[in-house]
């Protein structure tokens with residue numbers, strides 16, 4: 001009997017708690033384009049109650065009782081903040097449109113180089129679909145992985161890669177880009193032997209290397225939602241190109257694509273004729289352990305990881321795509337491994353489809 005009473009009391013308490021709050025739902029869009037806006041900060045003004053919009057711009061927020069009459073604020077980098085009254089009923093779905101901040105500059109006289117660099121890169125993103133291969137394509141290339149181990153010293157493996165990108169340069173997020181990229185190794189030449197005593201020697205980092213293609217992936221310096229997180233400087237300019245230096249003021253996953261970022265800086269070269277990126281050179285510092293800095297030990301490193309990248313793009317049948325990627329990774333100042341990938345040929349008209357990935361290759 002006592003157990004039944006306790007159960008009833010607990011159920012009554014949960015029902016009371018549920019009735020003491022109500023759900024607020026809605027969607028956030030860009031007032032200029034109508035596109036949905038992810039990662040918008042949404043909060044009840046003057047409280048700690050809040051949430052963010054998801055990848056589809058949707059949000060759901062449970063508002064405690066007693067907050068009637070309060071305002072719900074919406075803010076996102078690159079957009080003007082607005083506030084709206086909480087709806088009177090849970091049945092009322094909110095539709096919120098944020099106005100983008102205009103970063104346009106005078107085309108004759110440039111007085112703010114940071115805004116100029118930001119505007120140039122914004123144009124790059126807007127024209128990416130027209131400039132880069134934005135459909136499925138296949139490629140043939142050479143991937144070289146060099147790494148260090150305590151037992152074997154420096155090791156080197158050269159892979160012949162056959163790859164297939166099902167989406168092309170659609171600026172998709174990490175999950176979609178990862179799913180669209182498939183590849184296989186046609187052959188491998190190593191200066192060491194893979195054995196069962198040290199299985200890590202058969203691993204490769206080809207997926208991570210492809211992730212350093214900043215035009216292909218979304219969450220990096222070219223994320224149009226986080227451009228105000230960066231300082232930009234036009235480092236140099238010729239008749240044919242700009243070189244724009246960037247420094248991230250608030251490194252985080254959404255603007256670096258990396259976990260636990262500490263610093264993110266580099267340069268981007270932009271072709272003036274078509275506003276396409278032809279080169280990107282940058283470095284990221286990550287606090288603590290990173291999957292990209294494997295030390296071939298069971299314990300994660302407590303030292304910072306620094307990754308430097310050099311990415312170049314080329315035209316294939318009139319459309320840009322990556323030409324080469326070179327990376328070096330160090331932990332605590334000591335180089336752990338370096339990788340390079342060079343594209344030899346690209347096929348757009350009749351791409352060779354490849355399914356699956358190869359994380360371990362004996």
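Within the stretch 283-292, can you find the residues that are at negative phi and part of a loop (DSSP other than H, G, I, E, B)?
In the first step, residues of the stretch 283-292 are kept if they are at negative phi; the result is 283-287, 289-292.
287, 289, 290, 291, 292, listed by residue number.
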- Item | Test for residue 230: is it buried (at least 20 other Cβ atoms within 10 Å of the Cβ) and over 22 Å from residue 319 (Cα atoms) | yes
- Item | Qualifying residue in the stretch 286-302 (condition: more than 25 Å from residue 125 (Cβ to Cβ) and modelled with pLDDT of 90 or more) | no
- Query: Looking only at strands (runs of 3 or more DSSP E) that fall completely inside the stretch 1-52, which ones have 1 or more residues that are buried (at least 17 other Cβ atoms within 10 Å of the Cβ) and at pLDDT 50 or above?
  - Reply: 21-30, 41-44
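The values are calculated or read from the model by the stated rules, or taken from the named source; none is laboratory data. Worth saying up front: this structure is predicted, and the values here are computed from it rather than measured. Cβ sites come from the backbone with ideal geometry, for glycine too, and all protein chains shown count toward neighbours.
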